[in-house]
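Asks: Okay, here's the structure, questions in a sec.
The values are calculated or read from the model by the stated rules, or taken from the named source; none is laboratory data. Since the structure is predicted, the reported quantities are computational estimates derived from the model, not experimental observations. Backbone-built Cβ (ideal geometry, glycine too); neighbour counts: all protein chains shown. For accessibility, only protein heavy atoms count, side chains too; no ligands or nucleic acids. Shrake-Rupley method; radii C 1.70, N 1.55, O 1.52, S 1.80 Å.
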Amino acid sequence: MQNPDAAIAEAIKVQSVGNDVGLQATTVMLPPDVLEFLRDTAKKRGVSTGDMLRMALGTQKFLTEAVNSGSKVLISGKNGTKDVAI
């Protein structure tokens, strides 16, 4: 029997590759549009989907730690500056 989430999400494995030391494998369930974005972004940057996930999570970790230490994250654009909730 097929997993009910299979229609809306696809599993990908993030595995250690080559000389990456200390990495552990995990499975991530993503909606199709997010998986497509991940693959497209990784391809445009010339990196693997695993590398792209590690970059995204590293950015989230950095921002969360900055906010937790009292910093603010601001996005400045054509319509002004907005405070971003992390």
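Asks: Would you point out the residue of segment 8-31, among those that are outside any loop (DSSP other than H, G, I, E, B), open to solvent by 70 Å² or more (accessible area, probe 1.4 Å) and over 25 Å from Ile86 (Cβ atoms), that is modelled with the highest pLDDT?
Replies: Looking at residues that are outside any loop (DSSP other than H, G, I, E, B), open to solvent by 70 Å² or more (accessible area, probe 1.4 Å) and over 25 Å from Ile86 (Cβ atoms), I get Thr27.
Asks: How many of the residues in segment 33-86 are outside any loop (DSSP other than H, G, I, E, B), open to solvent by less than 90 Å² (accessible area, probe 1.4 Å) and in contact with a helix residue (DSSP H, G or I) (Cβ under 9 Å, 6 or more places away or on another chain)?
Replies: So the count comes out to 11.
Asks: Being free of Cβ contacts under 8 Å to residues at least 12 places away in the same chain and either over 13 Å from Val28 (Cβ atoms) or among the charged types (D, E, K, R) (or both) is the filter here, so list the residues in segment 43-59 that pass it.
Replies: Lys43, Lys44, Arg45, Gly46, Val47, Asp51, Met55, Gly58, Thr59 - these are the residues of segment 43-59 that are free of Cβ contacts under 8 Å to residues at least 12 places away in the same chain and either over 13 Å from Val28 (Cβ atoms) or among the charged types (D, E, K, R) (or both).
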